[in-house]
Structures are given as C-alpha cells and as structure tokens.
C-alpha cells in the first residue's frame, strides 16, 4: 500500500474515531447527568460490584479473537465462522457457571439483591458474543464510519431505556437493562453493517491456529480487568455501597475522558501497524507519529478534566456526588497515560508478541495488587496515589519491549511526549491559579476550559508544532469536502 494511501486511511480513521468517540461521550455525558440526578450512589454501587464479573466473562467469550483475526494476513469466511460458534459456546458455558455462582457473589458482598441482578446483568456478555465475528470484520477493514454509527445508535437506544426505567422507579435495574439494551442493539447493527452471516458449519480448525496467540490476549485482558477493578472489589468487600458508588461514578467520568482518546487511537493502531510490520523503519516512523498525536490530545484533555472535576460534578449531577470529584481528580492523571500505554501494547500485538503483552501486564497487575493491599488501610487517597504512580512508571517497561521490537530510543520517546506533557501541566496550573477568585461554578469552569484550550493552541501555533498544524489542515480539508 502506498504511503499516501496508508496516511489517508490513518488520518481518516483517526478523524472518524475522534468524531465517534467524542459523540459517544457526549451522549454518555447527557445520559449520565440525567441518571446521576435520578439515582444515588448506592444504586451505582450495586451494579459496580458486578462490573468485574461481567468484564471477566466478556473477556473470556471474546477470547482475543478480534486481535487474532486482524493479525492474519489472509482471513476467510471459515475463520470468522469458527470464531462465531466458539465465542457463543464459551459465553453460554460461562453464563451457566455464573448463574449458579450468583448466591456466592451475593454472599461475598453481603447483599442478597445481587442474585437476580447478576443473573440479568450477565446475559449481556452472551448477547455480545454474537457480535464478535462481525465486529472483527469491521475492525480489520478499518470500517470506522460504520463503527461510529453502530456506537451512536446503541448508546442512544440504551440511554433512553435507562432513563425511562430510572424515572419509573426501577433504580439499579434501569442501569442493568440499559447495558442489556446497548449490547443487543450493537449486535444487531454489527451484523447489518458487516453483511457477514454465520453458517451452520462447526469447523473449529481455525481456532486451533489462532489459540496460541489469542489465549495470551485472554489472560492479559483478564489481568487488566482485575487490575482496573481492584478498587471496586476491595471497596465492595470492606466498605459500603455508597463508597463503591462514589468510586464507580468518578471512574465512569474518567473512563469517558480517556476512552474518547483511546478509542480513536486503538480503532486504527493495530490494523495500521500490521500493514507496515514488514518494514521496521517505516513502522517506527508510523509509531512515533501516532505517539506524538496521542500525547498532543491526551495530556491537555485529561489534565483539563482533572482541573474542572469539582465544577463538572456539582453542575451536572449535583453536590451529592461531590466526594467522587476528589477521586476523579486523581484518576484523570492516570487516565492521561492510558492512551499512550494502549498504543505501546497495540504495537506489540501487531508484531505477534501477545506473550510479551501478557507478561508485562501480569507484572503490572502483581505490583499493583501488592501495593494496593499494602496501602488500603491508609485510605482511598493513598491507594489512588500509589495506583497512579505505578501505572505512569510502567510506561518505561512498555518502552523497553517496544525498543527491542522497533528500536525506539528512550530519548526519542521522551522527546515525542514531554513537550505536550509539560505544556499541559503548566497551563493547567496557570488556569487553576488564575480562576481562584471566581465564585460562580459555571464561570469558573468555563474560564478554566477556555483559558487552558486557547493558551494550548496559541503555544503550539507559536512553537510551530507539526502535529497541531497537520491536524488543523486535515480537519479543514475534511470539512470542506463534506460540507462545502
């Protein structure tokens, strides 16, 4: 594929990914505001206790096959068909086990209401398993426009269901049914847009060919899920539903921020890296450009979210959620590095090193588990600070493995990300101290956002940032072609 073609596909994918994830998070924001006002922290805590089980089950039924199919040079219908039936079989088996384990889960949390709630919630990953093959097809072929439409329709339908049920007094049941609606609509639309259909042929030989690679992705995803949900597990065991709810609410807002960026990058990273895998120098150049772009977007966005966390929480979902604002402020620092970490891991996966990806994540999870268990008696704030520092420090471990693969030097990595990191930190501090006298929450939030955004754009323009100027030029050309 010519360089210009790959560059255009990458830029187009980033633009559609940014548009898609931006609109998704705006919808999440709108629905989250309404639900946050209708429900309280104990409702979110009920669902939050089950998050880790749903996520683990979803990882098991997905099986890493989306990445495995994307990495294959040539993919036939029989490959997708094998993944479809294998994923469905795995999800049904897992659901059966969790159905009968529901009383044990409820006993662990001392909450009997979790028995029927968990049995309903876990249906979501069975429905989602049906969409893995068509999702893999769309992902491999960089069909970002279709993926955007699927996400937006699914979010809209599920948000309407969640709000309607919450307004009718269904409390945490509304959140659970919102999730079920989302995966149901998403599954139907994935089939519609991919035009792919399964056949009643149970040939699982392609699974044996992919299982060596995908099994490591499964283990890695499980470790990541356990690591990410460690706080919810500990809080659910040792504290109240209200405290779990405050963390869940803060983590939801943090996830909305970094998922917007991560979704935009991950949506094109692995397919693009795979296409240039045979040219090490070219892959290094592509990686460094994506690294600069990710840092250019992620640091100001997430530090900005941290900056306005208190105003955002109080304005949108009222002061009853104020404790979650202090948690959000710290989580956003970690969230700023998540897109970078995902970029490094996608490079390793694209080069077929799922084992390196797995062992690196295992090491991170082990260190994180020890650190959290050592600090949790000192309170949530110390746990969070430790969590953030470990994840930021682990970026250098990811760099070590990427350097072995494509020769990315440490000074080059720091040169690519440090200007955006330091500038974002500086401008966040300036905006914080410049608005301390603002007594009105709305005025304070608006001033912080406008001040930081305008100074960031002005600084990059004066510094003649290539990424900044190329992003403006491509966005301008895209809008001119589409609307003028």
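A few remarks follow.
- Conditions (1) in a loop (DSSP other than H, G, I, E, B); (2) closer than 21 Å to residue 291 by Cβ; (3) in contact with a helix residue (DSSP H, G or I) (Cβ under 8 Å, 6 or more places away or on another chain): number failed by residue 460: (1)
- Helices (runs of 4 or more DSSP H) enclosed by the range 61-125 - at least 2 residues per element that are in contact (Cβ under 8 Å) with a residue 40 or more places away in the chain, closer than 28 Å to residue 354 by Cβ and out of contact with any strand residue (DSSP E or B) (no Cβ under 6 Å at 6 or more places or on another chain): 65-71, 77-109
- Exactly one residue among 408, 328 is modelled with pLDDT of 85 or more, assigned to a helix (DSSP H, G or I) and either assigned by TED's automatic domain parsing to the domain that holds residue 260 or surrounded by fewer than 21 Cβ atoms within 10 Å (Cβ to Cβ) (or both), and that residue is 328.
- Selection from the range 374-383 of residues that are surrounded by 12 or more Cβ atoms within 10 Å (Cβ to Cβ) and free of Cβ contacts under 8 Å to residues at least 40 places away in the same chain: 374, 375, 382
- Selection status of residue 246, within 20 Å of the chain's Cα centre (by Cα), at pLDDT 85 or above and closer than 23 Å to residue 371 by Cα: no
- Residue check, residue 364 farther than 30 Å from residue 465 by Cα, surrounded by fewer than 22 Cβ atoms within 10 Å (Cβ to Cβ) and either in contact with a strand residue (DSSP E or B) (Cβ under 8 Å, 6 or more places away or on another chain) or without any contact (Cβ under 8 Å) to a residue 24 or more places away in the chain (or both): no
- Any hit, the range 300-312, residues being assigned by TED's automatic domain parsing to the domain that holds residue 424, within 16 Å of the chain's Cα centre (by Cα), buried (at least 23 other Cβ atoms within 10 Å of the Cβ) and closer than 30 Å to residue 70 by Cβ: yes
- Looking only at the range 126-148, and only at residues there that are touching a helix residue (DSSP H, G or I) at 6+ places or on another chain (Cβ under 6 Å) and part of a loop (DSSP other than H, G, I, E, B), the one that is surrounded by the fewest Cβ atoms within 10 Å (Cβ to Cβ): 142
- Scoring residue 464 on the criteria (1) under 23 Å from residue 332 (Cβ atoms); (2) modelled with pLDDT under 90 leaves a single failure, condition (1).
- Within the range 61-82, being at pLDDT 85 or above and in contact with a helix residue (DSSP H, G or I) (Cβ under 9 Å, 6 or more places away or on another chain) holds for 78, 79, 80, 81, 82.
The values are calculated or read from the model by the stated rules, or taken from the named source; none is laboratory data. Since this is a predicted model, take the numbers as computed values, not measurements. Reconstructed Cβ throughout: ideal geometry from the backbone, glycine too, with neighbour counts over all protein chains shown.
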